[in-house]
Amino acid sequence: AVVRMWTGVVRTEDRDAYAEYVERTGMAEYRSTPGNLGAWLLTRDLGDGRTEITTLSRWENFAVIAAFAGDDIEQAVFYPEDDEFLVERDERVRHYRQS
């Protein structure tokens, strides 16, 4: 299996609204893509008014990730309202092989 991770940062006051938005967009799309083995959204308050958001998903292989992300599987996938929430973001995702 392959694990895909992405991280961004929002204002802590926006944490819950952004988490709900990501659940309706990216997480729902992850979970509905054939070959997805699960997806989770993690939050971590940084204590300075910012909250880190990490999405973690498991996939059967790199080919099924491409069905979700496109040919450049390391390019992060964003949705229209992301710009309203994110104060920092990774433009690239990280992939890890899970044995």
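The values are calculated or read from the model by the stated rules, or taken from the named source; none is laboratory data. The structure displayed is predicted, hence computed values, not measured ones. Cβ coordinates were reconstructed from backbone atoms using ideal geometry, including for glycine residues, and neighbour counts include every protein chain displayed. The accessibility values were calculated without ligands, DNA or RNA, using every heavy atom of the protein model including side chains. Shrake-Rupley method; radii C 1.70, N 1.55, O 1.52, S 1.80 Å.
Yes or no, residue by residue, for (1) out of contact with any helix residue (DSSP H, G or I) (no Cβ under 7 Å at 6 or more places or on another chain); (2) buried (at least 17 other Cβ atoms within 10 Å of the Cβ):
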{"residue": "2", "(1), (2)": "no, yes"}
{"residue": "43", "(1), (2)": "no, no"}
{"residue": "46", "(1), (2)": "yes, no"}
{"residue": "52", "(1), (2)": "yes, no"}
{"residue": "68", "(1), (2)": "no, yes"}
{"residue": "78", "(1), (2)": "yes, no"}
{"residue": "81", "(1), (2)": "no, no"}
Only one residue in 9, 22 is surrounded by 14 or more Cβ atoms within 10 Å (Cβ to Cβ), touching a strand residue (DSSP E or B) at 6+ places or on another chain (Cβ under 6 Å), β-branched (Val, Ile, Thr) and assigned to a helix (DSSP H, G or I). Which one?
22
Condition first: touching a residue at least 40 places away in the same chain (Cβ under 8 Å), of a type in the set (S, T, N, Q) and in a strand (DSSP E or B). Now tell me which residues in region 41-99 satisfy that.
51, 54, 55, 57
Going by the structure shown, is residue 98 polar (S, T, N, Q) and open to solvent by less than 70 Å² (accessible area, probe 1.4 Å)?
no
Is it fair to say residue 73 is under 18 Å from residue 2 (Cβ atoms), buried (at least 17 other Cβ atoms within 10 Å of the Cβ) and β-branched (Val, Ile, Thr)?
yes
Could you count how many residues in region 83-93 are among the basic types (Lys, Arg) and loosely packed, with under 14 Cβ neighbours inside 10 Å?
1
